[in-house]
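Chemist: Here you go, one structure.
None of the figures in this text is laboratory data; all of them are computed from the coordinates on show. Keep in mind it's a predicted model, so treat the numbers as computed, not measured. Reconstructed Cβ throughout: ideal geometry from the backbone, glycine too, with neighbour counts over all protein chains shown.
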């Protein structure tokens, strides 16, 4: 059996002395394994320097993310206070809003989170100028708004009936195609100034219908006097049923035009009609019997010089391929 022998003062003195070849600090940390201490103390100044550099970089990056910066957005402008009986027109679709805030916050913000409005409540119908109000997202503020004020027009909303016209593309070139829309009238609703420029409702039929296809639904488009679509006007119904009512072989002919009598005892001195012949197309039977056409004066008859458009009087089923002639001269009273 092994027994503990009493330690002499010499032993205790020997324990207090550093061991040969080792730093004195190691002997003062008896509870830390020597390999760990050696690894920690190896290149200690370089390690401390790297740690300090990492802390500095982290602080710099964190500070940059919190720095206040600015960012611009294109935001949709909304009119507040419009009613069913009036509408704000001619406003810019968007405004440029510049927000200020922390970089990381602005990177999260999208233009849909920003509200830009113009309040038209209490304004009278007609031209107006109003301030743009911006509601920024949380933790941001509005730095600039461009423009700060916008101009527009408050207009009354009205409704009226429009004729439905059917047009098809790529119809067979040797056939006269008749297409019918049902219903033949549509109700247009919109601002009065926009609706005043609408001439008719257009239904575009597919070419296969003209070639003998089944009836189809065609979407209506409000069309202006210049033949272009008009924005801001709604139609009811939105679609019409288009069907083919008749097709026949197409015959074409050039026919002379005569000016119809003015009536009421009025006469036209020095009348000049241009052109004096127009091309017409229609069923062969109707076209073959057509020798001359009559053009009626369009508009009021007032004594004096005249330059006006005429309207051709066409038999049923026959269409003019050229514009109606114009007439010039001097109207003489009875």
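Chemist: Taking R0 as 35 Å, what's the FRET efficiency between residue 289 and residue 243 from their Cβ-Cβ distance, rounded to 0.05? List each step's numbers first, then the result.
Modeler: Details: r = 29 Å, r/R0 = 0.82.
With a Förster radius of 35 Å, E is 0.75.
Chemist: Something else now. How far is it, in nm, from the label point at residue 330 to the one at residue 254 when both lie 7 Å from their Cα along the line to the Cβ?
Modeler: The modelled label-to-label distance comes out at 3.3 nm.
Chemist: OK, next. Tell me, what is the FRET efficiency for residue 104 and residue 124 to the nearest 0.05, using R0 = 35 angstrom and their Cβ-Cβ distance as r?
Modeler: Values: r = 46 Å, r/R0 = 1.32.
It comes out at approximately 0.15.
Chemist: Just rank 239, 285, fewest to most, by other beta-carbon atoms within 10 angstrom. Could you put the intermediate results ahead of the total?
Modeler: Numbers: 239 14, 285 10.
Ascending number of Cβ neighbours within 10 Å: 285, 239.
Chemist: What's the extension gain from residue 269 to residue 54 if we count 0.36 nm per residue and subtract their Cα-Cα distance? Show your work: numbers first, answer last.
Modeler: On the way: separation 215, 0.36 × 215 = 77.40 nm, distance 10.20 nm.
Length gained, residue 269 through residue 54: 67.2 nm.
Chemist: In nm, to one decimal, how far is the residue 83 label point from the residue 143 one, both placed 7 Å along Cα→Cβ?
Modeler: 4.1 nm
Chemist: Tell me the relative contact order for segment 251-332 as a rounded percent, counting alpha carbon contacts under 8 Å between residues six or more apart. Let's see the in-between values first.
Modeler: Values: 181 pairs, mean separation 32.1, N = 82.
39 percent.
Chemist: Still on this structure, I have one more. Determine the relative contact order of segment 275-317: mean sequence separation of Cα pairs under 8 Å and six or more apart, normalised by residue count, in whole percent.
Modeler: On the way: 29 pairs, mean separation 17.0, N = 43.
In percent, rounded to a whole number, it is 39.
Chemist: Report the FRET efficiency, 1/(1 + (r/R0)^6), for residue 234 and residue 165, where r is their Cβ-Cβ distance and R0 is 25 Å, rounded to 0.05. Spell out each step's value before the answer.
Modeler: Values: r = 18 Å, r/R0 = 0.71.
According to the calculation, E is roughly 0.90.
Chemist: Points 7 angstrom from Cα along the Cβ direction at residue 94 and residue 196: gap in nanometres?
Modeler: Here the modelled spin labels are 3.2 nm apart.
Chemist: While we're looking at this one, here's another question. Suppose the chain between residue 221 and residue 261 were pulled fully straight at 0.36 nm per residue; how much longer would it get relative to their current alpha carbon spacing? Display every interim value, and only then the final one.
Modeler: Details: separation 40, 0.36 × 40 = 14.40 nm, distance 3.88 nm.
That pair, residue 221 and residue 261, stretches by 10.5 nm at full extension.
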